[in-house]
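This is the structure I have questions about; it appears just below.
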Amino acid sequence: MSTARAVVVGASHAGAQLVASLRQEGWSGEIVLVGDESVLPYQRPPLSKAYLAGKCSLKELAIRSEDFYAKQDIKRVAATVKEIDRSAAELVLGTGDRLAYDALALCTGAHPRRLRAEGADLDGVHYLRRSSDVERIREDTIPGRNAVIVGGGYIGLETAASLRALGLHVTVLEAADRVLERVSAPEVSTFFTRVHEHEGVDVRNNASVEALVGDRRVQGVVLASGESVPADLVIIGIGIEPSTELAEAAGLVVADGILIDAQARTSDPTIVAAGDCTSQDVPRYGRRIRLESVPSAVEQAKVAAATICERDKVIAALPWFWSDQYDLKLQIAGLNTGYDDVVLSGDPTRDHDFTCYYLRQGELVAADCVNRPRDFMTSKRLLAQRAAVDVAALTAKVAV
Amino acid sequence: MAAVTFVSHDGEKCEAPLDEGCSLMQVATNNAIAGIDGDCGGEAACGTCHVIVDPTWADKVGPSGPEEEEMLSMNPERQATSRLSCQIKVSESWDGLTVQLPEFQM
Ligand SMILES: Cc1cc2nc3c(=O)[nH]c(=O)nc-3n(C[C@H](O)[C@H](O)[C@H](O)COP(=O)(O)OP(=O)(O)OC[C@H]3O[C@@H](n4cnc5c(N)ncnc54)[C@H](O)[C@@H]3O)c2cc1C
Ligand code: FES
C-alpha cells in the first residue's frame, strides 16, 4: 500500500463521489475528505422537495452510509479549509492545523447569491442550500402563514410546491417577465406558471424586490412598483455563486468557477476540481459553461479521480437535470444554449405531460420532458449519439 | 447475514449485505459495487442503477412500476426482468438474491 495522501476539500456530491472513485480507480494510499458540514455527505436535491415537505429524514438522504467510509478506509474530517499552501503542498485548516497532501481535489461547491436589499438580514429571511437551512425554515413553516419566495427558478418553484403541501400561502416573486426565464423556453414557463397557479400559488412576474420590512422579524416585501406583499417568512432563491475563494487565493485560474480542462485539472495540473465550483470550456457548446447539477458533479468527480490515478478519462459533455414539483417530474437532457427553434410534443397549455425539444440549426441540443421519462431517455440517447433528428418522429409520439 | 450477489457484465461476482429498508441501489453504492452509479439518488430520474434480476427471483422482487418501465423501455440492454435498483426495497428474507449488471449504465 502506498503512503501517498489524497485530500478532497468539500464533502458533498462531488467530494463523496470523488473519494469513492479514487478507491475504484485503485488509489491505495490514504484518502481524507474534509468538509465544513459536520453531517455525513447528503443528497442536496431533496432539500427543497421531500426534506422541506417533511417526508424524509436527513439520515435517509446520506449519499453513502457511515459504514462505507469506514470499509473503504476513507477518513472524514469536519473542518473548514482556510488556505492552500501550494509551495508546501499543505492545507491550512480553520483549527490552525496543517494537512499535507500528495494529491488535491477541490469540491467546494457553491453558495446562494445574497439579496442586496434593505431588510435582507431580518429574522424569517432564509436561503436554501444546506440541511441546516431547511431545519431553520421548518421552524417557520406554520400552516396558514404567508411565505414569499424571491426568485422563480427551479429551487424557488420546488420550494413553492413543498410549502403549499405544508399548507402555507405562497407568493413567488420573479424579477423577469416569466419564471424559469434563464433556463427554459416560454412554453415551459407558461406551463409551470399554470400548474402553480392551479395549486394556489400567487406567481408574480416583473416583480423586483425593493426592500424587506419588519422590525427584527420580516413582515412584508416591498416591490419596485411600490406594492407590498405580506410575509411571515421569505425564502430567497436568486441563484448561486461558485465557492472559489480558496482556489483564487491560491492563484488558480478562476473564471466564473475554477477553470478545469476535460480531465478536471485546474490551471495547476497537480490539482483537480469537480462540481458546482468549476467552469469548463466545452467545444460542443462553443463556450465556457458552469453547471449546477448533481449529474455533472458526479461525472466531473469520476474523471477527477481517474486523473489523480493517472488514468485517461474525459468529462462527458452531456449535461442533464431533473426537478420535482407536485406530481410533476421534469427531466432535462442536454443544454439549450443557443437554441433557435423549439418543437413541442403534447400541449403545455392543456396537458399534464409534454416534451419541449430545443433545436439549433436542426440539431437537437436539449429536451425538457415533463412526466415523459421515455422522451427523456430517448433524448439522452440521441444527444449522446449526436444523431440527426427527425422532428416529425419526435412529435408523432403524441399520437400513441 | 442475508446477502445479495451482483454479477458484473464480465461475470465477476460481488456480495453485499441486504440491509432491510435500503434500496438495492443503496446497498450497491454503500458497498462500492462498480457499475451502479445511482446519480439521481434514487428518484427514478437517471436510469443509472439498472439491474437485471435473476429470473428465479423475479417474482419475489416484483415487476417494475409504470414510470420505471418508461425509463427502462429505451434501454438497449433491457431484459424481461430489468429493474431500476433504486426502486427495489430489499428484504432480509431475500438471502441469495442474484442480479446481473448491464455492460453500460445509460
Ligand atoms: C435546494 C436544492 C435543490 C436542488 N435540486 C437539484 C436537482 O433536482 N437536480 C440536480 O441535479 N441538482 C439539484 N441541485 C443542485 C445540486 O445540489 C448541486 O449541483 C450539487 O450539490 C453540487 O455538488 P458539489 O459537491 O459540487 O457542491 P456542494 O453541494 O455545494 O458542496 C460543497 C461542499 O463543500 C463545502 N465547502 C466549501 N468550501 C469549503 C472549505 N473551504 N472547507 C471545507 N468545506 C468546504 C460546503 O460546505 C459543501 O458542503 C439542487 C440544489 C439545491 C440547494
Ligand atoms: S438512482 Fe437514478 S434512477 Fe435509480
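Provide the descending list of Cα extents for the range A:201-343 along its principal axes, expressed in whole angstroms.
58, 44, 28
Sticking with this one: For every other residue with a beta carbon closer than 11 angstrom to the beta carbon of A:A6, add +1 if it is Lys or Arg and -1 if Asp or Glu, then tell me the sum. Mind dumping the intermediate values first?
On the way: positive: A:R5, A:R23, A:K75; negative: A:E25, A:E30, A:D102.
Net local charge, A:A6 excluded: 0.
Let me have the relative contact order for chain A, percent, based on Cα pairs under 8 Å that are six or more residues apart.
Numbers: 902 pairs, mean separation 58.4, N = 400.
Relative contact order, chain A: 15 percent.
Tell me which of A:A392, A:T355, A:L382 sits at the most positive position along the dipole axis of the range A:327-396, charges placed on C-beta atoms (Lys, Arg +1; Asp, Glu -1).
A:L382
Would you mind telling me the share, in percent, of accessible area of the range A:327-396 contributed by carbon and sulfur at probe 1.4 angstrom?
Working: 1340 of 2700 Å².
Heavy-atom surface of the range A:327-396 belonging to carbon and sulfur, 1.4 Å probe: 50 percent.
Right, next: Might you tell me the accessible area per residue for chain A, computed with a 1.4 Å probe and given in Å²?
Values: 16700 Å² over 400 residues.
Heavy-atom accessible area per residue stands at 42 Å².
Ignoring ligands, DNA and RNA, how much accessible area is buried between chains B and A, both sides summed, with a 1.4 Å probe, to the nearest 100 Å²? Spell out each step's value before the answer.
On the way: alone 5720 and 17780 Å², together 21350 Å².
Counting protein atoms only, the buried area is about 2200 Å².
Oh, and also: Volume per residue, Å³, of the convex hull around the alpha-carbon atoms of the range A:125-236?
That works out to 94 Å³ per residue.
Another one. Only counting protein heavy atoms at a 1.4 Å probe, give the residues of the range B:64-97, ordered by number, whose accessible area falls by 40 Å² or more when the other protein chains are present relative to the chain alone.
So the qualifying set is B:E67, B:E70, B:M71, B:M74.
Can you classify chain A as rounded, prolate or oblate using the Cα gyration tensor, where a ≥ b ≥ c are the square roots of its eigenvalues, rounded means a/c under 1.5, and otherwise it's prolate if a/b beats b/c and oblate if not? Before the final figure, lay out the partial values.
Working: a/c = 1.92, a/b = 1.24, b/c = 1.54.
Taking the square roots of the gyration eigenvalues as a ≥ b ≥ c, chain A is oblate.
Given 4 °C and 1.567 mPa s, compute D for the range A:327-396 with the Stokes-Einstein relation, Rh being the Kirkwood radius over Cα pairs; round to the nearest whole µm²/s. Kindly include the intermediate steps, with their values, before the conclusion.
Working: Rh = 11.9 Å.
In µm²/s, the coefficient rounds to 109.
Additional query: Among the lysines, which fall within straight-line cross-link reach of A:K380, defined as a Cα-Cα distance under 29 Å, with same-chain neighbours fewer than 8 residues apart omitted?
Filter leaves A:K49, A:K302, A:K313, A:K329, A:K397, B:K89.
Report the Cα centroid-to-centroid distance between the range A:138-184 and the range A:255-274 in angstrom, as an integer.
Centre-to-centre distance over Cα atoms comes out at 35 Å.
Here is a further query. Per DSSP H run of at least 4 residues, take -39500 (n - 2.57); add these up for chain A, divide by its residues and hand me the 222 nm value, nearest 500 deg cm²/dmol.
Working: 9 runs with 92 residues, N = 400.
Taken over chain A, the calculation gives -7000 deg cm²/dmol.
Also, I was wondering about something else. Rounded, prolate or oblate: which one fits chain B, using the alpha carbon gyration tensor with axes a ≥ b ≥ c (rounded when a/c is under 1.5, else prolate when a/b beats b/c, else oblate)?
rounded
Taking springs between alpha-carbon atoms closer than 10 angstrom, which of A:A160, A:A53, A:A88 fluctuates most in the Gaussian network model of chain A?
A:A88
Over the range A:1-124, with every protein chain in place, what whole percent of the accessible area is carbon and sulfur at 1.4 Å, could you tell me? It would help to have the intermediate numbers written out before the result.
Values: 2520 of 5530 Å².
So the carbon and sulfur contribution to the accessible surface is 46 percent.
What does the charge count near A:L259 come to, summing +1 for each Lys or Arg and -1 for each Asp or Glu among other residues with Cβ under 12 Å from its Cβ?
Working: positive: A:R265, A:R288, A:R290; negative: A:E248, A:D256, A:D261, A:D268, A:D281.
Spelling it out: positives minus negatives among the neighbours equals -2.
Still on this structure: Using a 7 Å offset from the Cα along the Cα-to-Cβ direction at both A:S2 and A:R116, what is the distance between the two label points in nm, to one decimal?
4.5 nm
Less than 15 Å Cβ to Cβ from A:D177, Lys/Arg counted +1 and Asp/Glu -1: what total charge do the surrounding residues give? Don't jump to the answer; show the numbers that get you there.
Values: positive: A:R178, A:R182, A:R204; negative: A:E174, A:E181, A:E187.
Summing Lys/Arg as +1 and Asp/Glu as -1 gives 0.
The values are calculated or read from the model by the stated rules, or taken from the named source; none is laboratory data. Keep in mind it's a predicted model, so treat the numbers as computed, not measured. Every residue, glycine among them, receives a Cβ derived from its backbone with ideal geometry; neighbour counts consider all protein chains shown. Just so you know, the surface numbers come from the protein's heavy atoms only, side chains and all, with ligands and any DNA or RNA stripped out. Shrake-Rupley method; radii C 1.70, N 1.55, O 1.52, S 1.80 Å.
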